[in-house]
Amino acid sequence: MLEILHLVTLLLLVALGFYVFVADPRSRAHQTFAAFIAFFAVWTTKDLVFWNFFLNDSAVGFWAATSFVTALLMQFALVVFAWVFPENDRTPRKKAAVLFAPGIVLIPAALLGLLWSSTAYNSGDLRIEFTPLAYAFVIYVYVIFVYGSLVLFRKYRSHRGTQAGQQIGAIIWGLIITGVLKTLANIVLPFFGRFELLPFSSTLVVPGVLIFAYAILNFKLFSLGSALNQFRLFPVGYKVALSIATVAVGSFLLFQIPIVWWSFHNGMDAEGWRRYLVFSILSAVLPNLLLVLLVLRTISRPLRRLTVAAVSVADGAYGTEVDMRKTNDEIGLLAASFNEMSRKMADDIAELKRLNEQLIRTEKLAAIGTLSAGVAHEVNNPLASISSIVQLMQKDSENSPESAERLKLIADQIERIKRVTGEMTNLARQRPSAHTTVDANDIIKRSLKLVKFDAAFNTIEVREIISFEPIRIKCDEDQMHQVFLNLLLNAKDAMPDGGSLTVTSVMSEDAAIFEISDTGIGIAESHLGQVFDPFFTTKPAGKGTGLGLAVCDSIITAHGGSISISNNHPKGTIVRIKLPLAD
């Protein structure tokens, strides 16, 4: 029964120490607690071996030496914890060197058996004749214990009323419980010749250790929220440890117990040992292969996929994602974060390209606009004189029919030149900063009403999907009217044999969105990136200047909006305008 209690205590300590350490491996407090648990596990193992298997005179000295050394190491861990918790400070090395210096003498003395003159065990009566050095050792252990407790008490007073203060207070209570029980079992009762609690001294510390761990983890050790959180993010360390433990226990139950029974059921002779050694080696191969497979599946393969994806992104394949099963550990979180980062990187780079193209287009418009203003000014002056002379010549009644036809041709070409210079002037004109708040639906309706006077619209089916609610934008009304007129006329030119024209206006949370779609000849995919460039046109010679869309883009950009063109499948074009709503 005692060995079962010791085994349960040992397993509980290992699980608790591992749980606390993996919860925050970089925390010095968690590291120190793990060290304390490791020393305490040594203490429990010592009790398990001695009190259950080697209860004789020859083992008493080993048990006593291990008890002294382990008790001192646990107090060292306690003091280091008191120094670093809850601030996660570094250990003061000079202070630690001075405080722990006596251990350099006392620990070797305990291991060499200098703390007692004789040891004996007879029928439950444990006898150890201690030397004065042993009492000095015990006093030093308690000095270290009291010092660590005082450091924690001072921190408790400075953090009183806070979460950290509550944690330190709980830890102090755990120390008090542990100190009282250990003193009672290991010193007080044995001093009076009572050894009943001595075999159980390791189990008596468990309540204090649980309080200790509970406080370190912000009182979340056994809470439902903590359990769900650990289930949500199950660390790789836990998975590897669980895999190893499962394989070890499973292989022991499935292979070792049957092999031992089969090998030694006729006695522990040479043949039995031969069977046991051979089949134990064989039975170890399968569990170890399974363990390697589990580790590779848990760690190696996901990391390899992450590495391949990271190399692809480094080579310029932005947006590459890791194709792997979702897991609730660090690798799963890393993969999800990597995929999100890769997607955002691809989106950001695409946005940067778009902004760069827009910046280049804006610079082109600025340069061409300046040039256009000068050209238009130099052309308009002599053009006006020529136009006046032609008009005078047309009024001459003596003109022959051939001369009148030529003069009309000249006048038409002059009007064409005026249209070009007018568009060049619009491109170069500075946009006024004072805008008024208008209903964009009214501008669209007036534009549609005006273009319908063009006879070419008689063969076009016009559909209006206009928002019932007013869409209020802040704009230059004349310029916005010019934009919609230009786009509607472009749609008409794209459908010389008739078709369908759809005008849509909708309002989102922060923007007004307008679409003008036609079923005309469309635009080649290779030309979509050039349609807003000045002087670029797909119309036949003499039908367009290539400045209309450049002017529209300039106006929309000046209003803080955006304009884009895409193909309308199966045929035609869609122009999409997005403008900010008025405040």
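The values are calculated or read from the model by the stated rules, or taken from the named source; none is laboratory data. Please read all numbers here as calculations on a predicted model, not as lab measurements. Ideal geometry is used to build each Cβ from the backbone, glycine not excepted, and the neighbour counts take in all protein chains shown.
Scan segment 68-125 for residues that are closer than 15 Å to residue 151 by Cβ, more than 42 Å from the chain's Cα centre (by Cα) and surrounded by 12 or more Cβ atoms within 10 Å (Cβ to Cβ) and the total you get is 2. For the criterion of being in contact (Cβ under 8 Å) with a residue 12 or more places away in the chain and under 30 Å from residue 22 (Cα atoms), residue 284 passes. Only one entry of 180, 84 meets the criterion of being out of contact with any helix residue (DSSP H, G or I) (no Cβ under 7 Å at 6 or more places or on another chain) and assigned by TED's automatic domain parsing to the domain that holds residue 44, and that entry is 180. Select from segment 8-30 the residues that are without any contact (Cβ under 8 Å) to a residue 60 or more places away in the chain and crowded, with 18+ Cβ neighbours inside 10 Å and write down the one among them that is farthest from residue 117 (Cα to Cα). Out of the qualifying residues, it is 21.
Screening the candidates 237, 225, 193 for the property of being of a type in the set (Gly, Ala, Ser), loosely packed, with under 14 Cβ neighbours inside 10 Å, part of a helix (DSSP H, G or I) and modelled with pLDDT under 85 yields one hit, 225.
Among the candidates 307, 327, 298, 320, the residue that is surrounded by fewer than 12 Cβ atoms within 10 Å (Cβ to Cβ), among the polar types (S, T, N, Q) and either within 21 Å of the chain's Cα centre (by Cα) or at pLDDT 85 or above (or both) is uniquely 307. Give the residue that is modelled with the lowest pLDDT, with candidates limited to residues of segment 241-261 that are exposed (fewer than 13 other Cβ atoms within 10 Å of the Cβ) and β-branched (Val, Ile, Thr). Only one residue tops the list, namely 249. Out of 340, 363, one residue alone is modelled with pLDDT of 70 or more and loosely packed, with under 12 Cβ neighbours inside 10 Å. It is 340. Taking segment 183-217 as the range and being in contact with a helix residue (DSSP H, G or I) (Cβ under 9 Å, 6 or more places away or on another chain) and not hydrophobic (A, V, I, L, M, F, W, C) as the test, the residues that pass are 183, 186, 190, 194, 196, 199, 201, 202, 203, 207, 208, 214.
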